[in-house]
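Down below is the structure, laid out as structure tokens.
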Amino acid sequence: MPLPLGQPEEPDTEVAPLADGRVLVHRRVAGLRSFSLLYPAGPGTGELPLGSVESAELRLLPPSPDGTCAYALAPGESSTAVWLVAGGAFGPERVAVVPGRCSGGVWLDRTGRMLALDRERDGVTKAVVVDLERGGEVTPLLQITEDSNDRLLLADAESGLLMIRSDAAGHDRLGWGVLGSLRPVRFPDCLRLPDAAVTPFAIQPGRVLIPESCAVALRIDAAAGTWVGVWRPAGRRLHQLPAPGGWLAGSGLWTPEGALRLPYSTEEVACGMAGVEPPGDPLPPGPPVSDPALAEPECAGGEPYREAEGPPVRRPVPLQQAPLTGRVARG
């Protein structure tokens, strides 16, 4: 619904929705970062000021999974502050300081405790995990090679499926892994398109024991325009679909049943939601359990990944590929 205010917003104003229907707004006001909650109030809009933060650079993180809190990231020269800007008791509160310059921001659990950030130190970027309930304790998440830039793009807290971008092969490639697994990250060849940029933006939820069957929606940008891709780790095939007219490119969500919802805006429909039913991929027969050998998923270099036969051994991943350990237990 419209939230009319007394004056127009600046182009760099950020907004984030909360579960109760209120909207957090982040504005730059006289050198400060100001935060307010907006909500419908009869014919107009109510506004609850939350306070300000003095920071040269600050942006909102994706909404917390619990829907009640909102956080912001303020990178500095040698460290990055994580601010709780909505949901606290006394206005904006700095809850963590992470050494290094951080970007990104992906939630790894459903409670808003474990936050993954892409941290740059000494010219190399690695994904790390920040525990917001332990004073911002930082632990490594991705270490594909010592000198590679390894970023986390998306994560699904239920299945543990992760979407990763790394230049370990000498150039950027999209890969996938499972949080808590000792298997390596795989980099499917089907996600490499000539003269096109491929960016994941949504993972199908509700696939608790079978991350390989999760559908992933991707934005595809090329000279010919922008369209939608759908891919599943077990399917080894990228389906390319036309985007609805006026699509807010790079935004959308999956339903647990596997329908993709894409928001759009046109002259005829100011705010609409298009439903996309992507083609399915035949899954291998057998019980619905997680099996990274499904459909021979690929590792770096494009070759099928196989382990030596025998009982599994709990050991660090040898990989020069990602040690995706430390998965958060579900409550």
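The values are calculated or read from the model by the stated rules, or taken from the named source; none is laboratory data. For clarity, every value in this text was computed on a predicted model and none was experimentally measured. All Cβ positions, even for glycine, are placed from backbone atoms using ideal geometry, and neighbour counts span all protein chains on display. Just the protein is used for accessible areas: all its heavy atoms, side chains included, with ligands, DNA and RNA removed. Shrake-Rupley method; radii C 1.70, N 1.55, O 1.52, S 1.80 Å.
Quick notes on this one:
- Restricting the chymotrypsin sites (Phe, Trp or Tyr not before Pro) of the stretch 46-129 to loop positions (DSSP other than H, G, I, E, B) with no more than 13 neighbouring Cβ atoms within 10 Å leaves Phe90.
- Solvent-accessible surface (1.4 angstrom probe) belonging to Ser78, in square angstrom, nearest 10: 90 Å²
- Taking each residue as 0.36 nm, the span from Glu120 to Ser251 lengthens on full extension beyond its C-alpha to C-alpha distance by 44.5 nm.
- The label-point distance for Ser103 and Ala274, in a model that sets each label 7 Å from Cα toward Cβ, rounds to 2.9 nm.
- A straight chain from Asp20 to Thr68 at 0.36 nm per residue would run longer than the Cα-Cα distance by 16.5 nm.
- Charged side chains reduced to their Cβ positions (Lys and Arg at +1, Asp and Glu at -1) give the stretch 68-200 a dipole of some 160 debye around its Cα centre.
- The stretch 44-83 - percent relative contact order, Cα under 8 Å, separation 6 or more: 28 percent
- Added length on full extension, which subtracts the Cα-Cα distance from 0.36 nm per residue, Ala223 to Asp12: 73.3 nm
- Translational diffusion of the stretch 73-228, µm² s⁻¹ [Kirkwood Rh, Cα pairs; Stokes-Einstein; 37 °C; 0.692 mPa s]: 196 µm²/s
- Counting only protein chain heavy atoms and rolling a 1.4 Å probe, the accessible areas of Arg237, Arg121, Arg165 rank, largest first, as Arg237, Arg121, Arg165.
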